[in-house]
Each structure stands twice: as C-alpha cells, then as structure tokens.
Amino acid sequence: MPPCHARAGLRVAVACLAILLGSSLSPAALLYDFGNPNADEEQMRFLINRARANPEAEADRFALDNTHPDDIPNHTYDVGEGITLGGVSNQRVYWSRYQGPRQVLAWNRALNVAAYNHADDMYTFNFFDHYTQASRHGYAVGYAPWDRAYAEGYVNHSAGESIATNNSHGSLDAEETHRGFFTEPQVTGRGHRRNLLHSHWREIGVSYICRAPNLDGWTDFWAAEFGTDAFYYGSGDPWPPVDTVFVTGVVYDDDGDSLYEPGEQKAGVEVLVYEGSTSLKYKALTAAGGGYSVPLLRASGADVPQGTALRVLMLDRLGHRYIDTGGVVAAGYVMFEDTAVENPDQYAQRFNLGVNGLWDNSIALLSGDANLDHAVNVGDLGILAGHWGYTGVNWLEGDFSGDGLVNVGDLGMLAGAWGTSSPPAPGYSIPEPATAAMLTMGWLTLPFFRRCGSTTASPRGRGSRGARTPSAFTGTS
C-alpha cells in the first residue's frame, strides 16, 4: 500500500480532476427482482431454453421418430412427431412452425410466485389440476394459470402452465420431467411440447417442491408458468401494451459437459449491462440457482431498440473474478402457431437476449481497475475522478466497493492497488447480429397429460395455456 502522503496526493489529484471534469449525481441503478429460483428450478429453465434454441435437435436427442406420411424424407420434421392440427391440409406446413430458434425465457418474479403457490396448494389440498380447487394463498376456486399470474402482478396477455407430480420422494428431477413434457407419447397432439416451444412466451416461473407424502401419497410437484406481455389482450391491460425484453441466463462453473446442473451455480454474482459506456436502468444479482434477468431499458425507461450492441459484465466481488461478454438485441417475426390456416398472421417484435456466464472464462479482477485493462493507473484514477460523487454507478464508473457511490472508500481501494497489474485478458468484442429466424406463436389450451412411471412412482403432468379476457377464458383443460 502506498504511504500516507502518497494516498493524500491521490486524493488531491482526484479533487482537482473532479473540479475539471465536473461532478453530478445520477439516478441509482435499480436491482431487478426476478425472484430467487433454486438450482433445480434453474435446471428446468436451462433445459426448456435448450429445447427452444433448437427444437429439432431436442427431438433427435430424445429419439423422436415422425412416421406421419407427410414427413418425407423421414426425420425432416421429427419435432412434429405426434403433432397434428385440423384445418391444415399439409401437416408439414404446421410442423415447420415449431422449427427454428425461439427466444430464451427470462425469469419473472410474479410467475415464480404463482408457480410456487400453485404447487404448494396442490400438495396441501391433495389435488392435481390447472384450476385452483383450494388455496392458502388467496386464489379463488376455479382460478386458471393466467388468473394466478395476474393476481401476483403479472400483466399478462397470454399465460400458460405445465405441471407434473410423483409419489416417489425426490425422484422426479428436472431432466425426467422435461423429457416427459417434450415426448409425452400417451397424449394425442403433444400439447406439452407445443407449450414448451411457443415462441411468444417471453418469461417463465418455475417451482419444484419435494416433501413427505401428502394425504394422497404425492411428494414431488413441478409447476412451470409461461407468460408474455407483448400483445394487447383484455380490457384491463395497458395500451399500448408493455413490450419489455430481457438479457437473461445463468452463471455456472461447468464440469465439462456443456450442461447446467445443480451444484454448478454461481450465486450472488453482480450482472451489469451497458449500452456503450452507459449503464442500463437495472442490474441483477444471480439467484440461488445462478440465474438472472435484466430488463433492457435505458435509464429514462425507454426500450433498448433492435440492433443495439450491449456489454454484459458479471462481477464476483468477493471472489475477485469477472466475465466480460456481450450481445446484440435482435428482432424478427412471430405468428400464431395453432391457427388452423395455412398462413397465419405475423407480428414483429424484439427478442430476449440470452447470455450465460461460464466460470471457466472468468478473469481475475483487480480492485481499482475501472477500465478492466488489468493495470491500476492514471486511467482508472481519471475514471474515478470523472464520476466523483456520483450515485447509482457501477464498477466501470469507479464504484469498487459496490455501495453505488463513488467516494473516498473507492479512492482508498484504488490507492491500495496503485501500480499493480495482472496478465491481460482476452479482448472484449461484441458478436455480429445473427439473422433472426421466423418464430411462431399461439394461445390455445393444451390437452390433459398423464404418463406412467415405475411400480414405485406414477408421474403425471398437464399443460395448458390461455389468455385472460374481460369475462371468460379462451379454453379449459
């Protein structure tokens, strides 16, 4: 550490620079509350997003074989195995709506709460249904998934649900449940697969509870709640509709198989998002399961437009490591998948941006290194001085302590590391925008799902979706 007179000299230098550069206050970056999904719940979202990234590859992974006469040559549309829709003369036209990438699903607090409450109610009151039969969370009898989401504050324009249960304690893990939802060979129409792949879903909530057998002997309950706020649908909804997209992902220490699994999560990592050198309105801390979501809104509250390059910085202050990555906000077209016409209406919208943080790619973090050039020197001092007295700033503006304010504490950290350096990191770059593929969407209710397990377990599941309207629902299970 420099001697006292050296630190005093730095303070004087900062004061002078602050006077020259000007000092002001900026609004605090807000911590976005998306809930606190655990590792099992994060694994479920990871698997769902994997399927959405490449539905045909997921069908091949699960050895689906589309033997429908329209699937010529064979295996061209294995994702369409078992899926049919009356009114479409050529099923290949319909299956093609389920191919190609979909946007990743971002965590949403209200949907997470609704998922937990419904799973808890099903366990507590010994029922298994999309419609509430009894509740200790204030839901009226007969509430549908979209009602529960709305009750928790989600201004949904379309919402849906997939649920599963099991009577063998701890045996219904995320991988088995996801496989069941995607394949469901006993169910005509493959409703759960369609539910997982609808491209208009933008946010998700997941709950997994595993307890002693209830009065009916059931132990494990999964509830996955899907939602979107992108379309006007109901007299009580805002107009124009909310249309917020997110950067979202999971930070984890992969064991080499390129899959997220419980035990690999990195919780408490600070996620900062920048447009150029300007921080967005929100930041996040990764949840218990390592996941995060950050709304893509500027400090003014305006949407970050299509084509904007973003920098995503993941900071582990305690571990002194960080990941520096980025992406581009993309947009494209969606259409109603389950519409029984050859050419459904199409709609343009922006998509969520998926950015996972693989901890193998993390880099040592130096206290006082504001510009992340792996040396603490006059460049960092200039950044700190330029933001002296600012609130709501982050590491790249000189807030090394994480208290949201650039002040003498941060100056002390910079002074203590003055002159230190570390090996340079790989250069930061933003990838070129990918061509946005045609995506698909729909909002019909999905059919009942039941699947049989071993002699010691009988897992069951359902999928449904629908939209809230002023006086009725669009469908029932």
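Values in this text are rule-based calculations from the coordinates and carry no lab data. A quick note: this is a predicted structure, and the numbers were derived from the prediction, not measured. When we count neighbours, we look across all protein chains shown, and the Cβ atoms used for this are built from the backbone with ideal geometry, even at glycine.
Between Ala53 and Asn407, what FRET efficiency follows from the Cβ-Cβ distance if R0 is 41 Å, with the result rounded to 0.05?
0.40
Region 133-231: which trypsin sites (Lys or Arg not before Pro) are DSSP loop and have at most 13 other beta-carbon atoms within 10 angstrom?
Arg136
Using per-residue counts of other Cβ atoms within 10 Å, averaged over each peptide, order 314-327, 332-345 from highest down.
Packing proxy ranking, top to bottom: 314-327, 332-345.
Using 1/(1 + (r/R0)^6) with R0 = 51 angstrom and r between the beta carbons of Leu215 and Ala302, what's the FRET efficiency to the nearest 0.05?
Details: r = 52 Å, r/R0 = 1.02.
For Leu215 and Ala302, the calculated efficiency is 0.45.
Once the other residues with Cβ under 12 Å from the Cβ of Asp360 are scored (Lys, Arg +1; Asp, Glu -1), what is the net sum?
-2
Using a basic spin-label model with each label point 7 Å from the Cα along Cα→Cβ, how many nm lie between Thr67 and Ser89?
So the two model labels end up 2.8 nm from each other.
With θ set to phi - 60° and the Karplus curve 6.51 cos²θ - 1.76 cosθ + 1.60, what are the ³J(HN,Hα) couplings of region 246-259 in order, to the nearest whole Hz, using x for Gly and Pro?
Once rounded to whole Hz, the list reads 9, 9, 8, x, 9, 9, 8, 9, 5, 8, x, 9, 6, 10.
Considering the zone a paramagnetic label at Asp60 would reach in this model (a point 7 Å from Cα along the Cα-to-Cβ line), which residues of region 86-110 have amide N under 15 Å from it?
99-101
Net charge near Gln91, counting Lys/Arg +1 and Asp/Glu -1 over other residues with Cβ under 14 Å of its Cβ?
Local charge sum for Gln91: -3.
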